[in-house]
Every structure is written in structure tokens, then in C-alpha cells.
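As C-alpha cells, the structure follows; a few thoughts come after it.
A short reminder: the numbers here are calculations on the coordinates, not readings from a lab. Note that the coordinates shown come from a computational prediction; the quantities given were computed from them, not determined experimentally. Every residue, glycine among them, receives a Cβ derived from its backbone with ideal geometry; neighbour counts consider all protein chains shown.
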Amino acid sequence: MNDDIRKLECLDLIDTNSIESIIVLTNNNTDLFDNILKSFIEDVVELIATAEKASKENNFLDIKYSIHSIKGLASTLGTKRVAEIAKLIDSKIKEGLLEESKEYIPNLAESIKLTIKELNKK
């Protein structure tokens, strides 16, 4: 686990090219961009809370759903580290390594917090 996380924690939090592409797609509409960021933040905060609760309850269906959703949202917005950690957890679940997948959830939660701080600077 440690090697996987160390590699992922070296990734940038945010892919600035993705953010710039989204800004261009919004025709530089800052209100729309702010709404996209706000929606992303609200969604990932709710989803990681669900994953953390599900982890404590050994509810792997809810973990899988939450992590898969985080992976998609993070990939779309260009929040690289969150996307890659979610991808790792998702792959562990698909491989049947359910207990191991739970070990990464705190790392994902921390990366989400750091990413939100960084996004709030934008």
C-alpha cells in the first residue's frame, strides 16, 4: 500500500490544463465556472462521507458506488491526485481486494481536502 500511495501523492493536485479547458468551454463565464467548482466540491464531500461510513460498516456496494462516482467527477474536472487514488481503490474493489481497498479511503479523503483548498484559490 505505501508504495502505491507514495507514487500517487507525488501527483499534482490539479491539472491546470483541464481547468483552463473548462474555463474556455464556459466562454470565460466565471459564474458558471464557480458553479461547476461548487457542485464538484459538494458532490465529492458527500461521496467521501458516504465511502467513509460504508467502510466502517463493511458496505462494499456503497464504497464501490461512491468511489466510482468520485473517480468520474475528479477525472472530468482534472483533479489528478483524487482521480488516481479513486481509480486505485476502484481497481482494488474490482480485483476482490475489499479490505485492502478500504485502507486507501483516508488517503483519498485527505487528497480531497487538499484539492478543495487548492480549488478555492482559483
Charge sum, other residues only, whose C-beta stays under 12 Å from VAL45's C-beta, Lys/Arg counted +1 and Asp/Glu -1: -2
Derived scalar couplings ³J(HN,Hα) [the range 74-80; Karplus, 6.51 cos²θ - 1.76 cosθ + 1.60; whole Hz; x for Gly, Pro]: 5, 5, 5, 7, x, 8, 4
Using Cβ contacts closer than 10 Å as the measure, can you line up TYR65, TYR104 from fewest to most? TYR65, TYR104
Could you work out the equivalent-ellipsoid semi-axes for the range 69-122, taking the square root of 5 times each eigenvalue of the Cα gyration tensor, largest first, in whole Å? 22, 12, 6
Using modelled backbone amide H atoms (1.01 Å from N, in-plane), which distant-in-sequence or interchain residues come within less than 5 Å of THR26's amide H? none
Principal axis extents for the range 23-62, Cα atoms only, whole Å, descending order, please. 44, 13, 7
Per-residue ellipticity at 222 nm for the chain, helices alone: DSSP H runs ≥ 4 residues times -39500 (n - 2.57), over residue total, nearest 500 deg cm²/dmol? -26000 deg cm²/dmol
Candidates for Rg/Rh (Cα atoms, Kirkwood Rh) are (i) 1.17; (ii) 0.96; (iii) 0.99, and the calculated one carries label (iii)
Each residue of the range 36-46 in turn: what ³J(HN,Hα) in whole Hz from Karplus with 6.51, -1.76, 1.60 and θ = phi - 60°, glycine and Pro shown as x? 4, 4, 4, 5, 4, 4, 4, 5, 5, 5, 5
Residue-wise, which Karplus ³J(HN,Hα) couplings in Hz belong to the range 58-71, taking 6.51 cos²θ - 1.76 cosθ + 1.60, θ = phi - 60°, and x for glycine or proline? 6, 9, 6, 5, 5, 4, 4, 4, 5, 5, 4, 5, 4, 4
Assuming R0 = 30 Å, what is the FRET efficiency of THR26 and GLU46, from their Cβ-Cβ distance, to the nearest 0.05? 0.80
